[in-house]
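The values are calculated or read from the model by the stated rules, or taken from the named source; none is laboratory data. Since the structure is predicted, the reported quantities are computational estimates derived from the model, not experimental observations. Cβ placement follows ideal geometry from the backbone for every residue including glycine, while neighbour counts extend to all protein chains displayed.
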Number of protein chains: 2
Amino acid sequence: MADHHVVIVGGGFGGLCAARAFRRSATKVTMIDRRNHHLFQPLLYQVATGGLSPANIATPLRSLLRGRSKAHVRLGEVTGIDLERRRVLVEAGEGEANALEYDSLIVAAGAGQSYFGHPEWAELAPGLKSLEDATRIRRNVLLAFERAELESSPERIRALLTFAVVGAGPTGVELAGALAEISKRTLAGEFRNIDPAMATILLIEGAERVLPSFPEVLSRKATDSLEQLGVTVRTGWIVEHIEPMSIVIRAGESERQTVACDNVLWAAGVEASPLGKALCEASAAVLDRIGRVVVEPDCSLAGRPEVFVIGDLANYGHQLERPLPGLAAVAMQQGRYVARLIETRLSEGTVQDQRQVAPFRYLDKGNMATIGRKKAVAEIAGLRFSGLFAWLTWLFVHLMYLAEFQNRVLVLVQWGWNYVTRNRSARLITQPPADKRSPPDASSARSTL
Amino acid sequence: MADHHVVIVGGGFGGLCAARAFRRSATKVTMIDRRNHHLFQPLLYQVATGGLSPANIATPLRSLLRGRSKAHVRLGEVTGIDLERRRVLVEAGEGEANALEYDSLIVAAGAGQSYFGHPEWAELAPGLKSLEDATRIRRNVLLAFERAELESSPERIRALLTFAVVGAGPTGVELAGALAEISKRTLAGEFRNIDPAMATILLIEGAERVLPSFPEVLSRKATDSLEQLGVTVRTGWIVEHIEPMSIVIRAGESERQTVACDNVLWAAGVEASPLGKALCEASAAVLDRIGRVVVEPDCSLAGRPEVFVIGDLANYGHQLERPLPGLAAVAMQQGRYVARLIETRLSEGTVQDQRQVAPFRYLDKGNMATIGRKKAVAEIAGLRFSGLFAWLTWLFVHLMYLAEFQNRVLVLVQWGWNYVTRNRSARLITQPPADKRSPPDASSARSTL
């Protein structure tokens, strides 16, 4: 009998944990990703703000799966899934497409940024989903200070040094806190014509409080910490319009404000991969409002027990008040659960029969967000922390998670270094603003980083 | 009396050492660079081969000059120098240009790649001068293995896994050694359809031996080490033609060979910044064959004692058999010399009189090149080393140099890590080959890294 072939779409937390959870020697696993690396997304904001290098939070997928001789990695883009014939269509660049047959399929394609029906904002307000996003934000932020240093008009300087962060979930809060630290501390003493500390960091949130998914007491603590750092917190305001040098925000129906600002950073909404829609159209499954697939209690696709959807692409709401949040922990647990489920079925020889296996259960390990140096909020097992202790917990937990991805020592050293020197050494602007000597053409520009 | 204003063009080794050598409080220094960072070029090949991250070898100029309140940094491109009116023309992107007046000018604009009259090769055979170059090479090399893994034709696999390095100076030798290590060691066990160790690394050199600027005995040692690593060394061959999937090389007049090969890396020649030509056209100075300015014994421009040219842009040949080589040590010593010279003149109040000051003297600190793990060749104070001891010396000297640029601890840890794990953690392919979900447009592609 040929090996059972599991195809995994996506090398994020869900896909990677699934791939590493297979133990049977007769299971061949093929992981497909558009990137050659697994990205530790929770720390992406540190790359965007120059605290860490891209390589600190990204590890080649091949090296993460090296020891598993039955694990294959394919660099490519999944453009379609044929549920009937059990095939995945993969494009490997340059227009070539291949069909890959599976026995079991795990779709863990994740989510991208959502601009709430304003795709034109994507250009003006970059989100934070990939290393390219992070280095783009890093470049824009650092260039704003450079341009302000050369500018004479006070209005232009003010607009250049105003940074609007849209969305006060953990990413927005962490980004705003890091931007405040950059302007108040990291860049102190580095400019002669401007004072970087005069930068305005605006954190805009539509809900009535920051970190709406956290308990109210932690939202208040987070707001206090942000304001101490000099962040202007605007809850109850939504974005109405974004232009290259300004943003219009609105509170309620009547109150409107235009803020001159060159840099808008988007941390507001997510939208699941378009593969979710494709899967729902081809099956009995339902698509939710943000493009996620409503999955069965065992994370499978309705009517397709051999197909699983996990992580940010899945809407899992069984026996819960609301669907599970888009957290790494959820995706990792689902990945391991599905791998075990597939292997249990195989060992019982009943690929089509899923009644034996208990439904997926999420073990809530808590939720945390950091706000600059030495401040954080955390909720773990019903306990609520804030301040230095929460920050140390945040540090410990993130290093433990990173451990699985090989980079713990290096990140620890980099952070220790940043902490002691109060510096951020990864403050690089690459691809210079004007390069006459060797003009960047399309092909070389695409290959940077 | 207004401050004496020194303008420095270029934040490489020469410009940076000059800027940091000014001690008088009444000297205002403005450094202009197209990049916001100083780049430790000798280790660029390690970024190109995934051993180090860009931030490990690049430090923001502002942070290197932070403590000096009279030191200004301007991000911009110097597009012209008006020697008569003592003005430098700076473009800061977006088409704006400003004129900056100087009392003394230090031009340290460095050199770029030379393709010996074949500029069309630049696209096909990237050189190694900037972080963008390095990450582009890293991407191309890693993608070649990824594509070979998906390829079925043995000829295409062979072409994908053939890497031709043109030029066997220190950069070419180090690059070839690192590529051999990647294919033989780093990637071992990571692929299922190909064996990365079957990659061919071709090192092509026009001269009769590798490292032509080193003593012959060290060239032999280097060749031995390279061949042990599996590099195919071809001395006495020159490149006749490069196409997207092949390279034509020639030995003498008649022997010609076409090698199918997707990746050609250029480490063959340098060409000084076009500012050299502009300076010579406007002064009595002579331009040499590779675009360098033949300078006076005190590094000044003929007839313009207030203008200095240092580093890779200068041809300094006084009392020497041949001009000083393009080494960091030369640029650094010239930078410090010129800063001292300017301050000496100022303290004597004789800006126009240079007779008091002794001409520049280069203190030769030796020359070294590393060849993969634990192997190197070095010539220091007339002594010649090779093997492990030379490698340890290389390591020590480079860490000492890096110390000036703040990154020593981090690089040491990263190297220790790579050494112990035999891994290269910075093996990232960013900007995926095909990205349908968020198509890379010109503006976002330019801002990567």
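Suppose the filter is farther than 26 Å from A:GLN333 by Cβ and not assigned by TED's automatic domain parsing to the domain that holds A:ASP312; does A:GLY67 pass it?
no
Evaluation of A:LEU83 against the conditions (1) surrounded by 22 or more Cβ atoms within 10 Å (Cβ to Cβ); (2) hydrophobic (A, V, I, L, M, F, W, C); (3) farther than 30 Å from A:ARG136 by Cβ shows that the sole unmet condition is (1).
Here A:SER104 clears all of (1) facing chain B (nearest Cβ under 10 Å); (2) touching a helix residue (DSSP H, G or I) at 6+ places or on another chain (Cβ under 7 Å); (3) surrounded by 22 or more Cβ atoms within 10 Å (Cβ to Cβ) except the condition numbered (1).
Listed here are the residues, each with its yes/no results for (1) within 13 Å of chain B (Cβ to nearest Cβ); (2) of a type outside the set (S, T, N, Q).
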{"residue": "A:VAL6", "(1), (2)": "no, yes"}
{"residue": "A:HIS37", "(1), (2)": "yes, yes"}
{"residue": "A:ARG74", "(1), (2)": "yes, yes"}
{"residue": "A:THR79", "(1), (2)": "yes, no"}
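Scanning the range B:396-430 for residues being buried (at least 18 other Cβ atoms within 10 Å of the Cβ), modelled with pLDDT of 70 or more and outside any loop (DSSP other than H, G, I, E, B) gives a total of 2.
Of the residues B:ARG20, B:ARG66, B:ARG62, B:ARG85, the single one that is without any contact (Cβ under 8 Å) to a residue 40 or more places away in the chain and in a helix (DSSP H, G or I) is B:ARG62. When A:GLU174, A:GLU190, A:GLU181, A:GLU146 are screened for being away from chain B (no Cβ under 14 Å), in contact with a Lys or Arg (Cβ under 9 Å, 6 or more places away or on another chain) and not in a strand (DSSP E or B), only A:GLU181 passes. Under the condition of being touching a Gly at 6+ places or on another chain (Cβ under 9 Å) and not in a strand (DSSP E or B), which residue from the range B:1-17 is surrounded by the most Cβ atoms within 10 Å (Cβ to Cβ)? So, considering only residues that are touching a Gly at 6+ places or on another chain (Cβ under 9 Å) and not in a strand (DSSP E or B), the one surrounded by the most Cβ atoms within 10 Å (Cβ to Cβ) is B:GLY14. When the range A:115-134 is filtered for residues that are more than 10 Å from every other protein chain (Cβ to nearest Cβ), touching a helix residue (DSSP H, G or I) at 6+ places or on another chain (Cβ under 8 Å) and more than 15 Å from A:GLN46 (Cα to Cα), only A:TYR115 remains. Scanning the range A:85-98 for any residue that is among the hydrophobic types (A, V, I, L, M, F, W, C), closer than 30 Å to A:ILE204 by Cβ and in contact with a Leu (Cβ under 6 Å, 6 or more places away or on another chain) turns up nothing.
Do we have any residue at all in the range B:42-63 that's in contact with a strand residue (DSSP E or B) (Cβ under 9 Å, 6 or more places away or on another chain), within 15 Å of B:ALA331 (Cβ to Cβ) and either modelled with pLDDT under 95 or buried (at least 24 other Cβ atoms within 10 Å of the Cβ) (or both)? The answer is no, given that none of the residues of the range B:42-63 is in contact with a strand residue (DSSP E or B) (Cβ under 9 Å, 6 or more places away or on another chain), within 15 Å of B:ALA331 (Cβ to Cβ) and either modelled with pLDDT under 95 or buried (at least 24 other Cβ atoms within 10 Å of the Cβ) (or both). Does A:GLY167 qualify as being under 16 Å from the mean Cα position of the chain (by Cα), over 21 Å from A:MET198 (Cβ atoms), modelled with pLDDT of 95 or more and more than 12 Å from chain B (Cβ to nearest Cβ)? For A:GLY167, the condition - under 16 Å from the mean Cα position of the chain (by Cα), over 21 Å from A:MET198 (Cβ atoms), modelled with pLDDT of 95 or more and more than 12 Å from chain B (Cβ to nearest Cβ) - is met.
Given the structure, is B:LEU64 over 21 Å from A:ARG139 (Cα atoms) and among the aliphatic types (A, V, I, L, M)?
Against the criterion (over 21 Å from A:ARG139 (Cα atoms) and among the aliphatic types (A, V, I, L, M)), B:LEU64 does not qualify.
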